Each structure stands twice: as structure tokens, then as C-alpha cells.
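**Student:** For reference, the structure I am asking about is given below.
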Amino acid sequence: MSKSLNNYIGITESPRDMFGKLMSIPDSLMWSYLELLTDRTASVVESLQKNVQAGTTHPKQVKVSLASEIVRDFHGEEAALKAAANFEREFHDRQVPEDAPVKNLSQDNYIGSEPGKMRLSRALLRLDAAPSRAEAERLIKQGAVELDDIAITDPKYEIDLNTPRKHLLRVGKKKIFYFIVQ
């Protein structure tokens, strides 16, 4: 783990973030994490590793166990169970997390190509879902942006701001939130 490599897990992070970061570590590193961050003995870790290599245990099971244990140590049993359930719901079942944020998007002071319309790339920038408009357009072209469960690949796609409505937006694998057109 290294802060300079941006792959550290802070002890004050939310259970959701902590669990997600632990689940994203490579399988090859999970053995070191088990040895260094848990109370499991070397023989227990070796046994788990042999089971994974033999195919009797799936690496995901071991990683979920590791993530749950570490979250439990810092946030308690209930938080660990909730983080595991939310992770499964969000990444395995592709459902919206229960605590998905809701943001607002208005056309205040916006002058676009057409009155009452805004390009999705500009909306991503306004909603803090992309660091720049060029990055937003790149994400759209790569198919990494879904609006109401429909992949948008046209960087010129526009959102209608005349009709107040709640939209679901997915940007990449990790950014999932609702936004309300006001």
C-alpha cells in the first residue's frame, strides 16, 4: 500500500470505500494483506492459498472474507455486513447502491447549442463526474457512460433540461449517482 501510488486504504475511510478498495487489490497481493493486516497465522494463509490454487476455493471468497474482516475491525460487524451486501449489489448484480448520492443539474447561466439542452459531456463536468470536458468526451466515446441504463457513445448527446426529471448516471465502474434536472 502506498499513498504516492494512490492504492492505500485509510483507516478513517467509509466502510464502503474501504471494502471496495480491498476488493480491487490483485489476487496475488491478497496473501500479503492476509498476513500483514489480519490475525491469521501463516499456516492458515498457506492453506487458503493452496485451496485457491487447487480450485476448491474461489479467490473472491477469500477476498470478501479479508475485506469484511478489516472493515469489521475498524467499523464494526454491522458496517462490514452492509459494505459486503452493497458491494455485491453494485458490482455483481449491477444494481444501484442504496446510498447512491443525488445531485442537481440546472440550466442556470448556461448558454448551449440549443435552448434547454446541455451536452452530456458538459453535464458530467458540472456534476463532478469528470475532471474536464475532454475527459468526459473520452469516457463517452469509450462507452463508459450510461444514462438511465443506456450506454451513451455519442459525445454530442444532449440532455433535455426543459423537463424536470430524475436520471441515473453511471460513469466508469465506480461513479453511480442520480441527478435531478431542475
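The values are calculated or read from the model by the stated rules, or taken from the named source; none is laboratory data. As the structure is a computational prediction, the values presented were derived from the model and not from experiment. Cβ coordinates were reconstructed from backbone atoms using ideal geometry, including for glycine residues, and neighbour counts include every protein chain displayed.
For every residue, the table says whether it meets (1) in the same structural domain as PRO155 (by TED's automatic domain parsing); (2) modelled with pLDDT of 90 or more; (3) within 19 Å of the chain's Cα centre (by Cα).
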position: GLU88; (1), (2), (3): no, no, yes
position: ALA123; (1), (2), (3): yes, yes, no
position: ALA130; (1), (2), (3): yes, yes, yes
position: LEU139; (1), (2), (3): yes, yes, yes
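**Student:** Going through SER24, SER2 one at a time, which residue ends up being hydroxyl-bearing (Ser, Thr, Tyr), farther than 23 Å from GLY76 by Cα and without any contact (Cβ under 8 Å) to a residue 40 or more places away in the chain?
**Tutor:** One residue alone meets the criteria, SER2.
**Student:** Follow-up question, since we're still on this one. Among what's in the stretch 91-121 and is at pLDDT 80 or above, among the hydrophobic types (A, V, I, L, M, F, W, C) and under 28 Å from ARG16 (Cβ atoms), pick the residue that is surrounded by the most Cβ atoms within 10 Å (Cβ to Cβ).
**Tutor:** Checked the stretch 91-121; the qualifying residue surrounded by the most Cβ atoms within 10 Å (Cβ to Cβ) is LEU120.
**Student:** Does the stretch 69-78 hold any residues that are closer than 15 Å to MET23 by Cβ, surrounded by fewer than 19 Cβ atoms within 10 Å (Cβ to Cβ) and not acidic (Asp, Glu), and which are they?
**Tutor:** ARG72
**Student:** Could you give me the residue pairs with C-beta distances under 6 Å whose first residue belongs to the stretch 144-156 and is over 14 Å from GLN95 (Cα atoms) and free of Cβ contacts under 8 Å to residues at least 40 places away in the same chain, whose second residue is of a type in the set (Gly, Ala, Ser) and not in a strand (DSSP E or B) wherever it lies, and which are 6+ apart or on separate chains?
**Tutor:** ALA144/GLY172; ALA151/GLY143; THR153/GLY143; PRO155/SER121
**Student:** Right, here's the next one. Which of the residues that make up the stretch 156-182 are surrounded by fewer than 17 Cβ atoms within 10 Å (Cβ to Cβ), over 17 Å from ARG122 (Cβ atoms) and hydrophobic (A, V, I, L, M, F, W, C)?
**Tutor:** The one that is surrounded by fewer than 17 Cβ atoms within 10 Å (Cβ to Cβ), over 17 Å from ARG122 (Cβ atoms) and hydrophobic (A, V, I, L, M, F, W, C): LEU168.
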